[in-house]
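**Student:** I'd like to ask you about the structure that follows.
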Amino acid sequence: MDGGWLDHSQYLAAFMVGLLGGVHCIGMCGGIVSALTFGLPPTRRQQMGSLLPMLLAYNAGRISGYMLAGALMGGLGATFLAILSADHAVTFNLGLKIFAAAFMIALGLYVAGIWQGVAHIEKAGRVLWRWIEPAGRRFMPVDSPAKALPLGFIWGWLPCGLVYSVLAWAFTAGSISKGALLMLAFGLGTLPILLLMGAAAAILSRFTRNQAVKRVAGLLMVALGLLLLGQALAGF
């Protein structure tokens, strides 16, 4: 994905992965988003003017966490490429793109309820999460945007196959800035459904639990993964 339209299409694809993966976000982050409302007095929970700043602060923190992880992965991938010789670097980079595309296909199958292999990867991520999660408890109950922002940043590191698939992709981005931008695009894609989750939790939960909705979203993610795989294979 070098130059011109292809260089920018990866950000659009990352946004679409976040948007389509929203049905998975509800399961992973929905409880946290709902908890934001419980920290407010009952009268303020019904006021969008009180709720919206909390939701925006939480999501700003969450997306910032994604961007930091993307920057780290992009920088790590760029370091590996710099160490390798030119020929090996090209092969290594193409191999990483194929891996990232395959991971995305696996994630689509997971969201669609067809194959649960990604669940094992999420379980592996819980080892790191045990060290991070206690820090988030200091900001509970969440009764102000000042608490929602750092809580969102911490919860951005929650073990999630959806996030991991894009991080694998960020590893191939080629630089710190491109890795961060890729995760920013992904985070913005997840934003609509999580904002709606805060405002209409019950209705949205029923919608995203619908197996047909999950199947369509998952298969669309598989299609995106196949498109990325085709672009990577074209490099050979």
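The values are calculated or read from the model by the stated rules, or taken from the named source; none is laboratory data. This one's a predicted model, so the numbers in the text were calculated from it and none came from an experiment. FYI the Cβ positions are ideal-geometry reconstructions off the backbone, even for glycines, and counts take in every protein chain you see. The protein model used for the area step is the full one, side chains on, heavy atoms only, and it has no ligands, DNA or RNA in it. Shrake-Rupley method; radii C 1.70, N 1.55, O 1.52, S 1.80 Å.
**Student:** So in region 70-96, with the set limited to residues that are in contact with a Leu (Cβ under 6 Å, 6 or more places away or on another chain) and aliphatic (A, V, I, L, M), which one is modelled with the highest pLDDT?
**Tutor:** The residue in question is M73.
A quick yes/no check of all residues on (1) surrounded by 15 or more Cβ atoms within 10 Å (Cβ to Cβ); (2) modelled with pLDDT of 80 or more; (3) of a type in the set (S, T, N, Q):
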residue	(1), (2), (3)
L20	yes, yes, no
C25	yes, no, no
F38	no, no, no
P41	no, no, no
L51	yes, no, no
M67	yes, yes, no
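**Student:** Mind listing just one residue for me: the one in region 101-127 that is within 16 Å of the chain's Cα centre (by Cα) and of a type in the set (V, I, T) and, of those, farthest from L167 (Cα to Cα)?
**Tutor:** Per the stated criteria, the residue is V111.
**Student:** I'd like the full set of residues that are in contact with a helix residue (DSSP H, G or I) (Cβ under 9 Å, 6 or more places away or on another chain) and modelled with pLDDT of 85 or more, limited to region 119-135.
**Tutor:** Within region 119-135, I132, A135 qualify.
**Student:** Which of the residues spanning region 148-190 are at pLDDT 90 or above, of a type outside the set (A, V, I, L, M, F, W, C) and surrounded by fewer than 20 Cβ atoms within 10 Å (Cβ to Cβ)?
**Tutor:** Correct list: P150, S175, S177.
**Student:** State whether one or more residues within region 201-213 are farther than 24 Å from F103 by Cβ and either modelled with pLDDT of 80 or more or of a type in the set (D, E) (or both).
**Tutor:** As a first pass, look at region 201-213 and keep what is farther than 24 Å from F103 by Cβ: 201-207, 209-210, 212.
This time we only want the ones that are either modelled with pLDDT of 80 or more or of a type in the set (D, E) (or both), so: 212.
Looking through region 201-213, at least one residue is farther than 24 Å from F103 by Cβ and either modelled with pLDDT of 80 or more or of a type in the set (D, E) (or both).
**Student:** Looking only at region 110-120, how many residues end up being under 18 Å from V222 (Cα atoms) and open to solvent by 50 Å² or more (accessible area, probe 1.4 Å)? First the steps, then the outcome.
**Tutor:** Going through region 110-120, the residues under 18 Å from V222 (Cα atoms) turn out to be 110-119.
Imposing the further condition that a residue be open to solvent by 50 Å² or more (accessible area, probe 1.4 Å) reduces the set to 114-116.
Number of matching residues: 3.
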